[in-house]
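For reference, the structure is listed below as structure tokens.
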Amino acid sequence: FPGEADALGVYATTLAAAGQLDDALKYAEEAVELNSSEDTFAGLGKVRAYRGELDQAKKLYQKSMIMAGPERRVLRRAALGLLHLMDGENDKAKEVLAPCLPGGEDAQIRERGPCLWAAGLLWPGKIPALIAELDALSKAGTALEPPYGFPANLAGLQLQTRADRVDERDD
């Protein structure tokens, strides 16, 4: 879809994963030119990270995190925290990831699973507590509000709804 920023961004990150880094950069930059948004900045950040350009990637993920709503902000925190870890900046990684921990400003956001996972890389001693947090998120999940905030499979929802209706008829 030429001219569609989100499509170009997805194409760019796919190219980056396939190792076509120059083309990936071209399309990711084009996506940002078309629409400077949370998603396009994160996409360009991902391409920059694939290219080993961590300083630029961190700046782009920081922009993306600031623009994001709460449920997406924690995903951007996870990526930015990992980039700081990769660059040996543990103090900056702590600053970015700490809000996802119990008592932090993002501790009540259901979608913080990836952020908790990244925190486990930074704070191995906290892994049991982080696992407990992830387990609590998982227990609280439903088909309509899945754990960690990832969308449920619509076909699965349909099958479950159909099975529930069959069970109701059997009662």
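Taking the criterion of being touching a helix residue (DSSP H, G or I) at 6+ places or on another chain (Cβ under 6 Å) and over 15 Å from Glu111 (Cα atoms), the only residue of the stretch 124-137 that qualifies is Ile127. Within the stretch 40-62, the only residue that satisfies the criterion of being closer than 20 Å to Ile109 by Cβ and either surrounded by fewer than 20 Cβ atoms within 10 Å (Cβ to Cβ) or touching a strand residue (DSSP E or B) at 6+ places or on another chain (Cβ under 9 Å) (or both) is Gln62.
Out of all the residues in the stretch 14-24, is one or more part of a helix (DSSP H, G or I), of a type in the set (S, T, N, Q) and under 22 Å from Met86 (Cβ atoms)? Yes, because at least one residue in the stretch 14-24 is part of a helix (DSSP H, G or I), of a type in the set (S, T, N, Q) and under 22 Å from Met86 (Cβ atoms).
Tell me, yes or no, whether the stretch 138-146 has at least one residue that is closer than 30 Å to Phe41 by Cβ, out of contact with any helix residue (DSSP H, G or I) (no Cβ under 8 Å at 6 or more places or on another chain) and modelled with pLDDT under 85. Yes - at least one qualifying residue is present in the stretch 138-146.
Could we say that Ala42 is in contact with a helix residue (DSSP H, G or I) (Cβ under 9 Å, 6 or more places away or on another chain) and either at pLDDT below 95 or more than 22 Å from Leu122 (Cβ to Cβ) (or both) here? In short, no. Select from the stretch 91-117 the residues that are at negative phi and outside any helix (DSSP H, G or I) and write down the one among them that is most open to solvent (accessible area, probe 1.4 Å). If we take residues in the stretch 91-117 being at negative phi and outside any helix (DSSP H, G or I), then Gln108 is most open to solvent (accessible area, probe 1.4 Å).
When Gly88, Gly9 are checked against the criterion of being free of Cβ contacts under 8 Å to residues at least 40 places away in the same chain, of a type outside the set (Phe, Trp, Tyr) and in a loop (DSSP other than H, G, I, E, B), a single residue qualifies: Gly88.
Tallying residues that are closer than 21 Å to His84 by Cα and under 19 Å from the mean Cα position of the chain (by Cα) within the stretch 25-54 yields 14.
The values are calculated or read from the model by the stated rules, or taken from the named source; none is laboratory data. Only a predicted model underlies this, so the values are computations on that prediction, with no experimental measurement involved. Because the Cβ atoms are built from the backbone with ideal geometry, glycine has one as well, and the counts that use them run over all protein chains shown. When the accessible area is computed, the model is the full protein with side chains, heavy atoms only, and any ligands, DNA or RNA have been set aside. Shrake-Rupley method; radii C 1.70, N 1.55, O 1.52, S 1.80 Å.
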